[in-house]
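Report on one structure; see the data block that follows.
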Amino acid sequence: MLGRLNHVALAVPDLAAAAAVYRDTLGAHVTAPQALPEHGVTVVFVDVGNTRIELLEPLGEASPIAAFLEKNPSGGMHHLCYEVDDIVAARDRLKASGARVLGDGKPKTGAHGKPVLFLHPKDFFGTLVELEQA
Ligand code: CO
């Protein structure tokens, strides 16, 4: 069921500053910022060859990463995103084995225009897991 690592996401307090560090200090290719109001974040992606790093900044009042940044003011690792072939089949299999799917359990459109879901960190060793249909 589990496919490749699509990205590792870091929540950051200042997206422009973080993007500049990845671009200028680390010499990586960084995409233009993309606002995702449905997810309450603005994102950029850093291409590191074998996967990507997603940098996340809160967008709007009810951003799901606001509380995370309160606890981790300088930023931190927020989630891992794994690819799956069929997100509905993956969700049903995970729910049947007792894993908690966040939100209403229906896939939303993610940053790459593909369906995504998030899984409760307490069911995956303290790490928030995103699934993206490849
Ligand atoms: Co993500």
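The values are calculated or read from the model by the stated rules, or taken from the named source; none is laboratory data. Nothing here was measured: the structure is a model prediction, and the numbers come from that model. For neighbour counting, all protein chains shown are included, and Cβ atoms are generated from backbone atoms with ideal geometry for every residue, glycine included. Just so you know, the surface numbers come from the protein's heavy atoms only, side chains and all, with ligands and any DNA or RNA stripped out. Shrake-Rupley method; radii C 1.70, N 1.55, O 1.52, S 1.80 Å.
Summary table
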{"read-out": "Where the range 2-133 is the region considered: accessible area per residue in Å², 1.4 Å probe", "value": "54 Å²"}
{"read-out": "In Å², nearest 10: area of Asp85 left accessible to a 1.4 Å probe", "value": "140 Å²"}
{"read-out": "Pair Ser74, His112: separation of 7 Å Cα→Cβ label points (nm)", "value": "3.1 nm"}
{"read-out": "22 Å Cα cut-off, lysine pairs counted over the chain (separation 8 or more, or different chains)", "value": "8"}
{"read-out": "Spin-label proximity, Phe124 to the range 36-50 - amide N less than 17 Å from point 7 Å beyond Cα toward beta carbon", "value": "none"}
{"read-out": "Heavy atoms of Thr31 accessible to a 1.4 Å probe, total area in Å² rounded to 10", "value": "60 Å²"}
{"read-out": "Two-site label geometry, Leu2 and Asp92: point separation in nm, points 7 Å out along Cα→Cβ", "value": "2.2 nm"}
{"read-out": "Accessible surface of the range 2-133 [probe 1.4 Å, protein heavy atoms]: carbon and sulfur percent", "value": "55 percent"}
{"read-out": "Largest to smallest accessible area among Ser97, Ser63 [probe 1.4 Å]", "value": "Ser97, Ser63"}
{"read-out": "Rg and Dmax [Cα atoms of the chain; Å; Rg one decimal, Dmax integer]", "value": "14.6, 46"}
